[in-house]
Number of protein chains: 4
Amino acid sequence: MGNVLVLYYSKDGSTKRMAEYVAEGARQVSDIDVRLRSTQDAAHEDVLWCDGMAVGSPTYLGTVAAEMKRFWENLLPVWQKIDGKIGCAFSSEGGWGGGAELTCMAMMTIMLNYGMLVFGVTDYSGHQFTLHYGATQAGEPREEKEVEACRRLGRRLAEWVAVYVDGREDLHPNQAGYKRVP
Amino acid sequence: MGNVLVLYYSKDGSTKRMAEYVAEGARQVSDIDVRLRSTQDAAHEDVLWCDGMAVGSPTYLGTVAAEMKRFWENLLPVWQKIDGKIGCAFSSEGGWGGGAELTCMAMMTIMLNYGMLVFGVTDYSGHQFTLHYGATQAGEPREEKEVEACRRLGRRLAEWVAVYVDGREDLHPNQAGYKRVP
Amino acid sequence: MGNVLVLYYSKDGSTKRMAEYVAEGARQVSDIDVRLRSTQDAAHEDVLWCDGMAVGSPTYLGTVAAEMKRFWENLLPVWQKIDGKIGCAFSSEGGWGGGAELTCMAMMTIMLNYGMLVFGVTDYSGHQFTLHYGATQAGEPREEKEVEACRRLGRRLAEWVAVYVDGREDLHPNQAGYKRVP
Amino acid sequence: MGNVLVLYYSKDGSTKRMAEYVAEGARQVSDIDVRLRSTQDAAHEDVLWCDGMAVGSPTYLGTVAAEMKRFWENLLPVWQKIDGKIGCAFSSEGGWGGGAELTCMAMMTIMLNYGMLVFGVTDYSGHQFTLHYGATQAGEPREEKEVEACRRLGRRLAEWVAVYVDGREDLHPNQAGYKRVP
């Protein structure tokens, strides 16, 4: 049974809302244990515990919030102990074009630095709406395609954990029973 | 009188549409000469001629199209002759979250490599809509905030050329007569 | 038995040299089949065949060469057929500080766009020499730490394929018999 | 007379050493006032005062240190007051390939977000050694080409301030009396 951690920092609640949907999506895959933690609540043990993690931060100035960055700097005692875990990212920005993609890339860069395997999602969650580098959102998700982008990210994370860590090859998204492009 | 080049590559017409709006925005500033050129039409002389340029490419796989990249590789004969020109970027992607910000950053990276000064825009062109790293768009711009983001990019480029190359300090955006945040 | 593809584009031979060392490193892991292909020689079938791939391009203007980019654009017929493959990157630049890290990130961005899982390496291959975002090199590798960085990248790729695709958990780098930091 | 701020955060002294060389390079241009400040010492007034700034941070996990990020988040009261200032970046990493280029890009992303004009340097400071995206260094600069890369960054910043803010066109690097490529 695979373990998924959804880790987020949120100030105004938008990224927290995204995190909840990401966790909801991860729970759509059977036999995956999901923990939802803010940077205030998460312990190093949560990071060591998980097989895959989704990391979310608001977009501040086109990159990860200092608070989330600090969390990862404080994680240095577990460096070279989390190599190979699977990772992905999500971010809420002030407006479209405001840097959420860049923030997702910044968080994936941090995970690459820890030796993790990070991924994007080829699916579309609605018309002209995707999550190729993680789920991005202006403000908080409201429309169905926005909510579904968050869920799909969590689901895909849980699927990769199921396939690669638990050896459940039937859960590979290329055999998915749901529509990946509307 | 400053010179602005709007350079684009477009296959399905979306990026071309953006380019036209960017050129329109540049023309809002008086005494700026504007050229609109596709990668097929642009000559090295156009690049040498301009004081500032806006570069647009569709987002293909999260970065600049091979065709636009090829244009810049072919430009190597003018390397170290375009240092200090002012640059910015715009891109049309298949869907929101599809990599247009990353593509703008890729084009600005290329311009940095040529010694250019590149910029983003702090303004918002509508509710939850901005162009902090250049104008980004899913498909082609239709709504007013989308069209205005393209125009604003061109206008800001022309303003920086006016301020820095022509010494017209009264055109500094911090003294703008228009609303920069709605 | 896992399959590893080392795919490269090289003009002056430096990236090709890196590619050969990357392939050599992948072969250090038992029961891994390795193919070494240039963009001229590689077929779509090679991409579909592999479980993991290392992608190498010279750094041209701080990002991937147009020729390599074109290869991936031509690969669109296999889009959503290569999700979940494991990827990493390497690049030769003209000088240190010349953009090889950015080029590795650009290639990983392309792979993310295809739904792949990409990774960096926490190991150091010598004093003040690492491959956190893939192997980077000014010119061609000559010193042992430079050659070893390429080999280590290939080895790590083969290890992840062994662990995740073949279920050979004993090959997880956290149990490696070799020194990961000198 | 133009004003240049060299702003840095340093823990072990390597980035501080780089900052001192950057400031030294800026002082090579006549009639430029240079301030050297750490994030602990710098006031918002220093940022408002300058026409151009070089920003330096150690590379922590492939991106800007939380402490430097916090400085810029705390700067939000001057948002839309520093548009158009000229910026560049430098970073010390643990090892070559360790993310210093990515960290420079992260700092330039932050500056883009503030509406600044950021630049790279086409010059080489020695054999296979450049600063295309800002000065990067493993540990602290020791060799002449390493020291000169820092100096050149500061000099170029001061030159752009002289050319664009003070209208001293004779200082354009394309007319430089020194060798830009060895």
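For the range D:31-66, a residue qualifies if it is among the polar types (S, T, N, Q) and out of contact with any helix residue (DSSP H, G or I) (no Cβ under 8 Å at 6 or more places or on another chain), and exactly one does: D:Q40.
Selection of the range B:130-166 for residues being β-branched (V, I, T) and within 15 Å of B:A89 (Cβ to Cβ) yields B:T130, B:T136.
Exactly one condition in (1) assigned to a loop (DSSP other than H, G, I, E, B); (2) closer than 18 Å to B:R151 by Cβ is not met by B:V34; state its number. The single condition B:V34 does not satisfy is (1).
Conditions: (1) within 14 Å of chain A (Cβ to nearest Cβ); (2) of a type in the set (V, I, T); (3) over 20 Å from D:Y114 (Cβ atoms). B:V165 meets all but one. Number of the miss? For B:V165, the exception is condition (1). Criterion applied to C:D83, C:D33, C:D51 was being within 14 Å of chain A (Cβ to nearest Cβ), open to solvent by 20 Å² or more (accessible area, probe 1.4 Å), modelled with pLDDT of 95 or more and touching a strand residue (DSSP E or B) at 6+ places or on another chain (Cβ under 7 Å), and the one residue passing it is C:D51.
Per-residue answers, yes or no, for (1) open to solvent by 10 Å² or more (accessible area, probe 1.4 Å); (2) within 24 Å of C:G13 (Cβ to Cβ); (3) within 13 Å of chain A (Cβ to nearest Cβ); (4) touching a Pro at 6+ places or on another chain (Cβ under 6 Å):
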| site | (1), (2), (3), (4) |
| --- | --- |
| C:W96 | yes, yes, no, no |
| C:C104 | no, yes, yes, no |
| C:Y114 | no, no, yes, no |
| C:F119 | no, no, yes, no |
| C:D123 | no, no, yes, no |
| C:A135 | no, yes, no, no |
| C:A149 | no, yes, no, no |
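Checking D:G177 against (1) open to solvent by less than 50 Å² (accessible area, probe 1.4 Å); (2) more than 20 Å from D:L36 (Cβ to Cβ); (3) out of contact with any Asp or Glu (no Cβ under 6 Å at 6 or more places or on another chain), which test does it fail? The number of the failed condition is (1).
Determine the pairs where a residue that is in contact (Cβ under 8 Å) with a residue 40 or more places away in the chain and under 19 Å from D:L131 (Cβ atoms), located within the range D:150-173, has a partner that is hydroxyl-bearing (S, T, Y) and in a helix (DSSP H, G or I) with Cβ atoms under 8 Å apart, the partner being 6 or more residues away or on another chain. That search, which allows pairs on different chains as well, returns D:C150/D:Y21; D:R151/D:Y21; D:G154/D:Y21. Evaluated against (1) under 12 Å from the mean Cα position of the chain (by Cα); (2) outside any strand (DSSP E or B), A:P77 falls short on exactly one condition, (1). The one condition from (1) more than 10 Å from chain B (Cβ to nearest Cβ); (2) open to solvent by 10 Å² or more (accessible area, probe 1.4 Å) that D:G56 does not meet is (2).
When residues in the range C:36-48 are screened for being over 16 Å from the mean Cα position of the chain (by Cα) and open to solvent by less than 60 Å² (accessible area, probe 1.4 Å), 1 of them pass.
Put simply, of B:F71, B:F90 the only residue that is in a strand (DSSP E or B), under 17 Å from the mean Cα position of the chain (by Cα) and more than 11 Å from chain D (Cβ to nearest Cβ) is B:F90. The residues of the range B:137-147 that are touching a Pro at 6+ places or on another chain (Cβ under 9 Å) and open to solvent by less than 20 Å² (accessible area, probe 1.4 Å) amount to a single one, B:V147. Checking each residue of the range C:135-144 against the condition of being in contact (Cβ under 8 Å) with a residue 40 or more places away in the chain and either polar (S, T, N, Q) or closer than 19 Å to A:G120 by Cβ (or both) gives at least one match. Among the numbered conditions (1) touching a residue at least 60 places away in the same chain (Cβ under 8 Å); (2) in a helix (DSSP H, G or I), the only one that D:V6 does not meet is (2). Sub-8 Å Cβ pairs linking a first residue in the range D:57-83 that is touching a residue at least 12 places away in the same chain (Cβ under 8 Å) and under 14 Å from A:I110 (Cα atoms) to a second residue that is among the aliphatic types (A, V, I, L, M) and part of a strand (DSSP E or B), at least 6 apart or interchain, are D:T63/A:V64, ordered by first then second residue. Condition first: outside any helix (DSSP H, G or I) and charged (D, E, K, R). Now tell me which residues in the range B:37-51 satisfy that. Answer for the range B:37-51, where residues must be outside any helix (DSSP H, G or I) and charged (D, E, K, R): B:R37, B:D41, B:D51.
Residue under question is D:A65, and the condition is that it be among the small types (G, A, S) and farther than 20 Å from A:E73 by Cα; does it hold? The answer is no for D:A65.
For the range D:15-26, indicate whether the set of residues that are outside any helix (DSSP H, G or I), touching a residue at least 12 places away in the same chain (Cβ under 8 Å) and of a type in the set (S, T, N, Q) is non-empty. No. Restricting to the range C:99-112, name every residue that is under 15 Å from A:I110 (Cα atoms) and assigned to a loop (DSSP other than H, G, I, E, B). Matches in the range C:99-112: none.
Screening C:H127 with (1) within 14 Å of chain A (Cβ to nearest Cβ); (2) over 23 Å from C:S10 (Cβ atoms) gives one miss only, at (1).
Exactly one residue among B:E169, B:E159 is acidic (D, E) and open to solvent by less than 10 Å² (accessible area, probe 1.4 Å), and that residue is B:E159.
Across the range D:2-30, the qualifying residues are those that are out of contact with any helix residue (DSSP H, G or I) (no Cβ under 7 Å at 6 or more places or on another chain) and open to solvent by less than 60 Å² (accessible area, probe 1.4 Å), and the one among them that is farthest from D:M108 (Cα to Cα) is D:G13.
The values are calculated or read from the model by the stated rules, or taken from the named source; none is laboratory data. Computed from a predicted model, the values in this text were never measured in an experiment. Cβ sites come from the backbone with ideal geometry, for glycine too, and all protein chains shown count toward neighbours. Only protein heavy atoms, including side chains, enter the accessible area calculation; ligands, DNA and RNA are left aside. Shrake-Rupley method; radii C 1.70, N 1.55, O 1.52, S 1.80 Å.
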